[in-house]
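The values are calculated or read from the model by the stated rules, or taken from the named source; none is laboratory data. No experiment lies behind these values; they were computed from the predicted model shown. With ideal geometry, Cβ positions are generated from the backbone for all residues, glycine too; neighbour counts draw on all protein chains shown.
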Amino acid sequence: MITLYDIHTHHKHSEHKAIISVLPSQYIPIQDVYYSIGIHPWNSDNYQKDDIDLLQQYIQHHNVVAVGETGIDRKRGACIEQQVILLEKHIALSEQFKKPLILHVVHGIDIILNMHNKYKPSQQWIIHGYRGNPITTRQLLNKNIQLSFNHKFNIESVKITPIEKLWIESDENPELLEENYRKIALIKNLSVDELKLSTQLRAEKLFFQS
Ligand SMILES: [Zn+2]
């Protein structure tokens, strides 16, 4: 059987090979469980200095395979200036420790594109829960920013995202992971197994090879 990969979930006990997104203060590593650690934009107005220190320390753990989720949310959290400063910290850590960056973006694609131009990161950036339209999708793909889809997405955007730049996640809905694979496979004209295998190979290479 092909292992199912979930590159972004908040569910602490996934039955799949998952990347569990946690805040630094929530990080209690379990053997053979993988995490991404970051200060969510929603927490950008209430995190402590301790959280940054913990983040920096935990990022270095073997179980931590990505930085984030971090990002920009114009509907929640601190003012944009503060969110940008926090995002820049995550970008720096991602580059320093050579781990991909997982992004949460709500009405902030312009900032993400600007940041990518400014920092020219060597690490892969992935926007999770991506729902943008095809115009935005092309801009991101041109920058080699990858996209992760859950159960809500723009079909045309999925169509134009090459399989090598596409990920599947469950986010807050672990029970929908299989269904998300089925939906995306159908749109991409692939068998579910082809999509699972492609995701497995790419995930092992990007996150788990060390
Ligand atoms: Zn999330």
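Each row is one residue, and each column tells you yes or no for (1) surrounded by 14 or more Cβ atoms within 10 Å (Cβ to Cβ); (2) in contact (Cβ under 8 Å) with a residue 40 or more places away in the chain.
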{"site": "Ile91", "(1), (2)": "yes, no"}
{"site": "Gln96", "(1), (2)": "no, no"}
{"site": "Val105", "(1), (2)": "yes, no"}
{"site": "Ile111", "(1), (2)": "yes, no"}
{"site": "Gly129", "(1), (2)": "yes, yes"}
{"site": "Pro134", "(1), (2)": "yes, no"}
{"site": "Phe149", "(1), (2)": "yes, no"}
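Within the group Tyr47, Tyr5, Tyr58, which residue is under 15 Å from the mean Cα position of the chain (by Cα), more than 15 Å from the ligand (Cβ to nearest atom) and among the hydroxyl-bearing types (Ser, Thr, Tyr)? Can you show your working first?
On the way: Tyr47 fails: under 15 Å from the mean Cα position of the chain (by Cα); Tyr58 fails: under 15 Å from the mean Cα position of the chain (by Cα).
The unique qualifying residue is Tyr5.
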Pairs only if they're at least six apart or on different chains, beta carbon under 6 angstrom, first in the stretch 15-40 and at pLDDT 95 or above, second within 13 Å of the ligand (Cβ to nearest atom) and assigned to a loop (DSSP other than H, G, I, E, B); list them, first residue then second. Ser21/His10
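A quick yes/no check of all residues on (1) more than 16 Å from the ligand (Cβ to nearest atom); (2) β-branched (Val, Ile, Thr); (3) part of a loop (DSSP other than H, G, I, E, B); (4) in contact with a Lys or Arg (Cβ under 7 Å, 6 or more places away or on another chain):
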position: Tyr35; (1), (2), (3), (4): no, no, no, no
position: Val67; (1), (2), (3), (4): no, yes, no, yes
position: Gln83; (1), (2), (3), (4): no, no, no, no
position: Ala92; (1), (2), (3), (4): yes, no, no, no
Does the stretch 52-74 hold any residues that are more than 28 Å from Glu204 (Cβ to Cβ) and surrounded by 18 or more Cβ atoms within 10 Å (Cβ to Cβ), and which are they? Ile72, Asp73
Mind checking which residues of the stretch 8-33 are of a type in the set (A, V, I, L, M) and within 16 Å of the ligand (Cβ to nearest atom)? Ala18, Ile19, Ile20, Val22, Leu23
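Starting from residues that are within 16 Å of the ligand (Cβ to nearest atom) and in contact with a Gly (Cβ under 8 Å, 6 or more places away or on another chain), keep the ones in the stretch 152-192 and report whichever is nearest to Lys12 (Cα to Cα).
Quick first cut of the stretch 152-192, residues within 16 Å of the ligand (Cβ to nearest atom) only: 152-153, 167-177, 180.
Those left that are additionally in contact with a Gly (Cβ under 8 Å, 6 or more places away or on another chain): 152, 169, 171.
Working: Lys152: 22, Glu169: 14, Asp171: 11 Å.
The qualifying residue nearest to Lys12 (Cα to Cα) is Asp171.
Is it true that some residue in the stretch 113-135 is assigned to a helix (DSSP H, G or I) and either within 16 Å of the ligand (Cβ to nearest atom) or at pLDDT below 95 (or both)? Spell out how you get there, then give the answer.
Taking the stretch 113-135 and keeping what is assigned to a helix (DSSP H, G or I), we get 113-119, 134-135.
Adding the requirement that they be either within 16 Å of the ligand (Cβ to nearest atom) or at pLDDT below 95 (or both) leaves none.
Looking through the stretch 113-135, none of the residues is assigned to a helix (DSSP H, G or I) and either within 16 Å of the ligand (Cβ to nearest atom) or at pLDDT below 95 (or both).
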